[in-house]
1. Can you tell me how many residues in segment 187-201 are in contact with a Phe, Trp or Tyr (Cβ under 9 Å, 6 or more places away or on another chain), surrounded by 15 or more Cβ atoms within 10 Å (Cβ to Cβ) and without any contact (Cβ under 8 Å) to a residue 60 or more places away in the chain?
2. Which of the residues belonging to segment 107-123 are surrounded by 19 or more Cβ atoms within 10 Å (Cβ to Cβ) and either within 15 Å of the ligand (Cβ to nearest atom) or in a loop (DSSP other than H, G, I, E, B) (or both)?
3. In segment 35-47, how many residues are open to solvent by less than 10 Å² (accessible area, probe 1.4 Å) and either under 19 Å from Asp12 (Cβ atoms) or aromatic (Phe, Trp, Tyr) (or both)?
4. Among the residues of segment 218-251, write down those that are away from the ligand (no atom under 14 Å from the Cβ), in a helix (DSSP H, G or I) and among the hydroxyl-bearing types (Ser, Thr, Tyr).
5. Condition first: within 18 Å of Val200 (Cβ to Cβ) and part of a loop (DSSP other than H, G, I, E, B). Can you find one or more residues in segment 124-143 that meet it?
6. Does at least one position in segment 36-44 carry a residue that is without any contact (Cβ under 8 Å) to a residue 60 or more places away in the chain, within 16 Å of the chain's Cα centre (by Cα), assigned to a strand (DSSP E or B) and under 17 Å from Leu127 (Cβ atoms)?
7. Any idea which of Glu176, Glu204 is open to solvent by 30 Å² or more (accessible area, probe 1.4 Å) and at pLDDT 95 or above?
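The values are calculated or read from the model by the stated rules, or taken from the named source; none is laboratory data. Worth saying up front: this structure is predicted, and the values here are computed from it rather than measured. Heads up, the Cβs are rebuilt from the backbone with ideal geometry, glycines too, and the neighbour counts pull from every protein chain shown. SASA here: full protein model, heavy atoms, side chains in, ligands and nucleic acids out. Shrake-Rupley method; radii C 1.70, N 1.55, O 1.52, S 1.80 Å.
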Amino acid sequence: MSILVVGSVAFDTIETPFGRAERVLGGAASYFSVAASFFTHVNFVGVVGRDFGEQAMNAFRGRDIDLAGLERTDGETFHWKGRYSYNLNERTTVCTALNVFESFKPRLPASYRASEYVFLGNIDPVLQLDVLGQTERPRFVACDTMNFWIAGKPDELRETLKRVDVLLINDGEARELSGEWNVVKAARAIRALGPKILVVKKGEHGVLMFTEDGSFAAPAYPLEQVFDPTGAGDTFAGGFLGFLAESRSTGDEALRRAVIMGSTLASFAVEAFGLERLLALTRREIDERFRLFKKLTHFEEL
Ligand code: AMP
């Protein structure tokens, strides 16, 4: 099984109440790929500039990540700068320099076209649809988006959503996309747009999943130290989809486990700045925390 991912590759400058990191490797596709590669083969599609050196490339090397679709063009790599206050659920974007990302036209190497799973990271919905058009009947398509596209390209986004199996967004975005304040009503409205499955991310308050079989809730793993929430959503998506690909099922049981696996991976991502913790992670540590998650939420019936 292989997963095709398209999304941003970035240098991030991050400020939190606990410290600051300058131009560290980030971007949705980076977090997603590293997380998903613990479970299955990843076909990476993205763009970087000439400033993207060996040290940054080394983060992806030695993992099950194919980099044939990582384009390098003249110019600088996408740079994002964000700041968090003590409420780590809220962040302010200080600056976004799109650089080479601005004229990004994803082109799939021939060897990627038969990828069974697809993750459309948070990019222009027109490009998301274009990527899908270059694939050969994937089994399962997952998609992320943000307010910028919900407000800016609503019709194009709806076209993309018609071809998506699972949409992963945060609660604010779910409200904006559906026009419904109540998250259950929002889920019903969004599922009518195409995605049979909706995953609503609520930061430190966990995740809600809505499917045709009902709903499923998972808390965020209670950590003593949350250092940097950047990338938690994309890391969740990588663990979620990677696990589904590994288990070769998209049934209700597999989906529930995938939500816990996504939450497990995300809980590691936030323990250090940028990708630092994920890059040092082992499958053994992942499986151990997955087990602790079961204990955390298990109770007996009356
Ligand atoms: P997350 O915290 O999961 O929402 O994702 C954080 C990552 O998204 C960071 O590493 C940023 O580089 C990247 N990012 C920030 N703004 C954008 C944008 N407008 N388009 C694509 N990626 C972005």
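1. Our first condition is that a residue be in contact with a Phe, Trp or Tyr (Cβ under 9 Å, 6 or more places away or on another chain); within segment 187-201, this holds for 187-188, 190-191, 197-201.
Restricting the remaining residues to those that are surrounded by 15 or more Cβ atoms within 10 Å (Cβ to Cβ) gives 187, 190-191, 197-201.
Applying the additional criterion that residues be without any contact (Cβ under 8 Å) to a residue 60 or more places away in the chain yields 187, 190-191, 197-198, 200-201.
Final tally of qualifying residues: 7.
2. Selection gives Leu108, Ser115, Phe119, Leu120, Gly121, Asn122, Ile123.
3. 4
4. Answer for segment 218-251, where residues must be away from the ligand (no atom under 14 Å from the Cβ), in a helix (DSSP H, G or I) and among the hydroxyl-bearing types (Ser, Thr, Tyr): just Ser247.
5. The answer is no, given that none of the residues of segment 124-143 is within 18 Å of Val200 (Cβ to Cβ) and part of a loop (DSSP other than H, G, I, E, B).
6. Yes, segment 36-44 contains at least one residue that is without any contact (Cβ under 8 Å) to a residue 60 or more places away in the chain, within 16 Å of the chain's Cα centre (by Cα), assigned to a strand (DSSP E or B) and under 17 Å from Leu127 (Cβ atoms).
7. Details: Glu204 fails: at pLDDT 95 or above.
Glu176 is the lone residue from the list that is open to solvent by 30 Å² or more (accessible area, probe 1.4 Å) and at pLDDT 95 or above.
For every residue, the table says whether it meets (1) in contact (Cβ under 8 Å) with a residue 12 or more places away in the chain; (2) over 26 Å from Pro17 (Cα atoms); (3) among the polar types (S, T, N, Q).
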{"residue": "Gly62", "(1), (2), (3)": "no, yes, no"}
{"residue": "Thr77", "(1), (2), (3)": "yes, yes, yes"}
{"residue": "Trp80", "(1), (2), (3)": "yes, no, no"}
{"residue": "Thr92", "(1), (2), (3)": "no, no, yes"}
{"residue": "Ala97", "(1), (2), (3)": "yes, no, no"}
{"residue": "Tyr112", "(1), (2), (3)": "yes, yes, no"}
{"residue": "Glu116", "(1), (2), (3)": "yes, yes, no"}
